[in-house]
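One structure is given below, encoded as structure tokens.
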Amino acid sequence: TIAKNPGFEFMRRLTHTEYDNTVRDLFGVELNVTDRFPTELTGSSGFENSSNTLFLQPSLMERYIGAAQRVVDLALPAHPVGAVQHASHELIFVVATGDDLSEMGAARTVLQRYLERAYRRPPNADEVSRTLEHFTVSRAGGLSYEGAIKQVLQAVLISPKFLLRVEAGHDGAEAFPVTDWELASRLSYFLWASMPDQELADLAALGTLSDPVTLDAQVLRMLSDKRADTLGNVFAAQWLGFHNVGTRIWLDPIDFPWCTASLMKAMRDESSLFFMSLLRDNRPIGMLIDADYTFVNEELAVTLYGMEGVSGEQMRKVMLEDPNRG
């Protein structure tokens, strides 16, 4: 049964995982700057993305300010080297100044494009105007064209419109459909724990994402994408509690020297890969109990399960013969 009115979506900040993933997709480079952030809180639900625990503490705001500069400096160095840095530069600086385009015209195109991706919706005229004013002031202060652009990029990264997921809402108590841009954001943060990609944004701009056939096709596409692995290593890990293995839960390494960090990682990976196989292969939820397969590497197979014939560090699917294995 489809829920006609799933309820109001409360404003919430990005979790640390969502922040890192969003920065990765926004700039095209893996940085993981939240390693230095305060530990994420979890409420009675056990999930880190519950809106009632996603406070924006002053100490966290200070970290966001420092992280914004670090992200821009690392993703867009003055002299890019290597394919990744050049790709990041091209992702942000979508046009260049030249004979056919003034500096202000180029800045408008670059910043408007960046705002749409960072805010997960088209920016309004006032937002574009303020970023261009910021660019102009930075330029007048002696910064180069790219330096002034980077100043604006940093400012956007500490904007509530980037750090928080906010929907427009309606007056009154009647149920209403969310916009296609809001739907794209809900989909991407649910399935990928990250921002919408270009295909979702294009469909949202056309207003066709909410079409049932299009929506079904997008969900299938997104589940097949590697970014959907977060459903296993974030959602399922918090739902079933196996994210605590090797963090809050571990055996004494003196009494149990066989229980290594790599073994506990393999245990987490086994559960994550298994859960994702249920989703991607459209298997019944009952297989959580009685599946005839699992995922192991050599250490997990030999040390914990006494299996033979598995070698190497790579996790792989293996069939089970014991009907009580589940």
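The values are calculated or read from the model by the stated rules, or taken from the named source; none is laboratory data. Keep in mind that this is a model prediction, so the values were computed, not measured. Note that we place each Cβ from the backbone using ideal geometry, even for glycine, and neighbour counts take in every protein chain shown. Calculation scope for accessible area: heavy atoms of the full protein, side chains included, ligands and nucleic acids excluded. Shrake-Rupley method; radii C 1.70, N 1.55, O 1.52, S 1.80 Å.
Here is a list: Ala184, Ala173, Ala204. Which entry is over 17 Å from the mean Cα position of the chain (by Cα), of a type in the set (A, V, I, L, M) and surrounded by 15 or more Cβ atoms within 10 Å (Cβ to Cβ)?
Result of the check over Ala184, Ala173, Ala204: Ala204.
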Task: Residue list for the stretch 90-128, filter: in a helix (DSSP H, G or I) and of a type in the set (Gly, Ala, Ser) - done: Gly105, Ala106, Ala107, Ala118, Ala125
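For the stretch 120-136, enumerate the residues that are of a type in the set (D, E, K, R) and either open to solvent by 20 Å² or more (accessible area, probe 1.4 Å) or closer than 22 Å to Gly147 by Cα (or both).
Of the stretch 120-136, the ones of a type in the set (D, E, K, R) are 120-121, 126-127, 130, 133.
Hits for the stretch 120-136 are Arg121, Asp126, Glu127, Arg130, Glu133.
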Task: Among the candidates Leu273, Leu300, residue that is more than 27 Å from the chain's Cα centre (by Cα), surrounded by 15 or more Cβ atoms within 10 Å (Cβ to Cβ), outside any loop (DSSP other than H, G, I, E, B) and in contact (Cβ under 8 Å) with a residue 12 or more places away in the chain - done: Leu300
Task: Identity of the residue in the stretch 160-197, of a type in the set (Gly, Ala, Ser) and part of a helix (DSSP H, G or I), that ends up nearest to Gln238 (Cα to Cα) - done: Ser188
Open item on the list: Looking at the stretch 147-159 only, could you name the residues that are part of a loop (DSSP other than H, G, I, E, B) and among the aliphatic types (A, V, I, L, M)?
Closed with: Ile158
Task: Subset of the stretch 75-103 [open to solvent by 70 Å² or more (accessible area, probe 1.4 Å) and within 16 Å of Val23 (Cβ to Cβ)] - done: Val84
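Tell me yes or no: at least one residue of the stretch 287-296 is outside any strand (DSSP E or B), at pLDDT 95 or above and either within 30 Å of Pro323 (Cα to Cα) or open to solvent by 40 Å² or more (accessible area, probe 1.4 Å) (or both).
no
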- [ ] Tell me which residues, restricted to the stretch 221-267, are at pLDDT 95 or above, exposed (fewer than 14 other Cβ atoms within 10 Å of the Cβ) and among the small types (Gly, Ala, Ser).
- [x] Ser224
